[in-house]
Amino acid sequence: NAGVTQTPKFRILKIGQSMTLQCAQDMNHNYMYWYRQDPGMGLKLIYYSVGAGITDKGEVPNGYNVSRSTTEDFPLRLELAAPSQTSVYFCASSASGVGSEKLFFGSGTQLSVL
Amino acid sequence: QQQVKQSPQSLIVQKGGISIINCAYENTAFDYFPWYQQFPGKGPALLIAIRPDVSEKKEGRFTISFNKSAKQFSLHIMDSQPGDSATYFCAARLTGGGNKLTFGTGTQLKVEL
């Protein structure tokens, strides 16, 4: 199984451009998450979803949007990119229910906004 | 109140030594405390986890010690190996939080020969 697949792996954007970070999982997980990782700051939750059609804001949602039209896919949209959005972005998924707390992470997208 | 404080920021240990990473939290509504390991260029991967009704959990060379009254938990890596060199994150989950995790800031561990 592929697990959680993120594309692209690297991207450079100019200020004001927009892009979509793709995330797909093949484990039939209900829960999906987007985190950003900045040096010395740990991982911060941007958005999460508990199922198709249901999304909610995390700790740092400003400047981002998400959608969840299928169980498998959870794209993250950046509108009007800013240098503060330079980061490494990780998508993750998990099953729901007791004993299903393990998060499976993708390999990340390194984004630079110049 | 949702913060998880992690220390140290970096750690150098000799091969065969014990690596210890500490975390502290404030919110008593956290109900699950995992540790994630991350190698360069990779996503974090679950290493070991504990629930607050248990004071210690051991899996191979990795042990979590949990002190509920002090609201602290720590990761101990026994017989540390160069292959353990990675960044380690502690985390905590709010009860009813749908597996959303609050992460510590990470500890970069280097195990030297």
Per-residue mean of other chain beta-carbon atoms within 10 angstrom of the beta-carbon, peptide B:95-105?
6
Using the beta-carbon distance between B:LYS110 and A:THR70 and R0 = 45 Å, what value does 1/(1 + (r/R0)^6) give for FRET efficiency, to the nearest 0.05?
0.60
Give me the one-decimal nm value for the distance between modelled label points at B:SER69 and B:SER7, 7 Å along each residue's Cα-to-Cβ direction.
2.1 nm
Protection proxy ranking, peptides B:32-43, B:55-66, average beta carbon neighbours within 10 Å, highest first:
B:32-43, B:55-66
Which whole-Hz ³J(HN,Hα) couplings does the range A:86-97 yield from phi under the Karplus relation 6.51 cos²θ - 1.76 cosθ + 1.60, θ = phi - 60°, glycine and proline marked x?
5, 5, 9, 9, 10, 9, 9, 9, 8, 6, 10, x
For B:106-112, mean number of other protein chain Cβ atoms within 10 Å:
1
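Cα-Cα pairs above 17 Å in the range A:59-114: how many percent?
Details: 777 of 1540 pairs.
When every Cα pair of the range A:59-114 is considered, 50 percent fall beyond 17 Å.
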Of A:GLY99, A:GLY53, A:GLY63, the one that fluctuates the most in a GNM where chain A has Cα springs shorter than 10 Å
A:GLY99
Tally Lys/Arg at +1 and Asp/Glu at -1 over every other residue whose Cβ is under 12 Å from the Cβ of B:LYS15; what's the total?
-2
Equivalent-ellipsoid semi-axes (√(5λ), Cα gyration tensor) for the range B:4-112, whole Å, largest first?
23, 15, 12
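Calculate the all-directions average of the projected area of the protein assembly as shown's alpha-carbon convex hull, and give it in nm².
12.3 nm²
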Ranking B:VAL54, A:VAL88 by Cβ neighbours within 10 Å, fewest first, what do you get?
B:VAL54, A:VAL88
By the scheme Lys and Arg +1, Asp and Glu -1, what is the net charge of all other residues having a beta-carbon under 11 Å from that of B:LYS5?
0
Based on the Cβ-Cβ distance from A:SER96 to A:LYS57, what FRET efficiency comes out when R0 is 25 Å, to the nearest 0.05?
0.85
Remind me, relative contact order of chain B in percent, using alpha carbon pairs under 8 angstrom and six or more residues apart?
37 percent
Which entries in B:LYS42/B:LYS100; A:LYS44/B:LYS71; A:LYS102/B:LYS15; A:LYS57/B:LYS57; A:LYS57/B:LYS58 show an alpha-carbon gap greater than 27 Å?
A:LYS102/B:LYS15; A:LYS57/B:LYS57; A:LYS57/B:LYS58
Assuming R0 = 35 Å, what is the FRET efficiency of A:SER107 and B:LYS15, from their Cβ-Cβ distance, to the nearest 0.05?
0.80
Using every Cα-Cα pair within chain A, state what percent have a distance larger than 24 Å.
19 percent
Taking neighbour Cβ counts within 10 Å as the exposure measure, how do B:THR87, A:THR20 sort from fewest upward?
A:THR20, B:THR87
Karplus-derived 3J(HN,Hα) from phi for the range A:10-27 (6.51 cos²θ - 1.76 cosθ + 1.60, θ = phi - 60°), whole Hz, x at Gly and Pro, runs 9, 7, 10, 10, 8, 3, x, 6, 10, 6, 10, 8, 9, 9, 9, 10, 10, 9
Evaluate the relative contact order of chain A (contact order divided by residue number), counting alpha-carbon pairs under 8 angstrom at least 6 apart; express in whole percent.
35 percent
Let me know the mean shielding of A:87-97 by other chains, meaning the per-residue number of their Cβ atoms within 10 Å of its Cβ.
2
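A short reminder: the numbers here are calculations on the coordinates, not readings from a lab. No experiment lies behind these values; they were computed from the predicted model shown. Every residue, glycine among them, receives a Cβ derived from its backbone with ideal geometry; neighbour counts consider all protein chains shown.
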